[in-house]
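Notes to accompany the following structure.
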């Protein structure tokens, strides 16, 4: 990651969030909170794996943006958690971690990550 990108992220994290429009811009700390909120559905190793890398958190946020565009509604509460009406779930299977929500009675897997096997 370039120094410019690091500086940009640092500045964005330091600036307080004021609502500029109806669309909210999520931060890495929001992704961390969303994943931590779902932590009871994950093994401690999977939780640590998901929250210890800024690139992974950034990718999770991109998946949240795509999810919101697909379902055409906000998926995240003002407390930076995935809305409980969407019944968020986490799956750990076959060396992968998957995140899903239920929208219009259909389960949608919106993010999937390769998870290193336990040693």
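Here's a check for you: in segment 29-46, which residue that is in a helix (DSSP H, G or I), more than 16 Å from residue 111 (Cβ to Cβ) and touching a residue at least 24 places away in the same chain (Cβ under 8 Å) is nearest to the chain's Cα centre (by Cα)? Only one residue tops the list, namely 29. None of 18, 110 is surrounded by 10 or more Cβ atoms within 10 Å (Cβ to Cβ) and either over 12 Å from the mean Cα position of the chain (by Cα) or modelled with pLDDT of 90 or more (or both) except 110. When residue 49 is tested against (1) modelled with pLDDT under 90; (2) assigned to a helix (DSSP H, G or I); (3) surrounded by 13 or more Cβ atoms within 10 Å (Cβ to Cβ), just one condition goes unmet, and that condition is (1). If you go through segment 74-89 and keep only what is exposed (fewer than 12 other Cβ atoms within 10 Å of the Cβ) and either at pLDDT 95 or above or touching a helix residue (DSSP H, G or I) at 6+ places or on another chain (Cβ under 9 Å) (or both), you end up with 79, 84.
For residue 70, are the conditions met, namely being part of a helix (DSSP H, G or I), without any contact (Cβ under 8 Å) to a residue 24 or more places away in the chain and surrounded by fewer than 16 Cβ atoms within 10 Å (Cβ to Cβ)? Don't jump to the end; show me each part of the working.
Working: part of a helix (DSSP H, G or I): yes; without any contact (Cβ under 8 Å) to a residue 24 or more places away in the chain: no; surrounded by fewer than 16 Cβ atoms within 10 Å (Cβ to Cβ): yes.
Judged against the criteria, residue 70 is not a match.
Here residue 61 fulfils each of the conditions (1) at pLDDT 90 or above; (2) farther than 25 Å from residue 116 by Cα apart from (2).
The values are calculated or read from the model by the stated rules, or taken from the named source; none is laboratory data. Note that the coordinates shown come from a computational prediction; the quantities given were computed from them, not determined experimentally. So basically every Cβ, Gly included, is an ideal-geometry build from the backbone, and we count neighbours across all protein chains shown.
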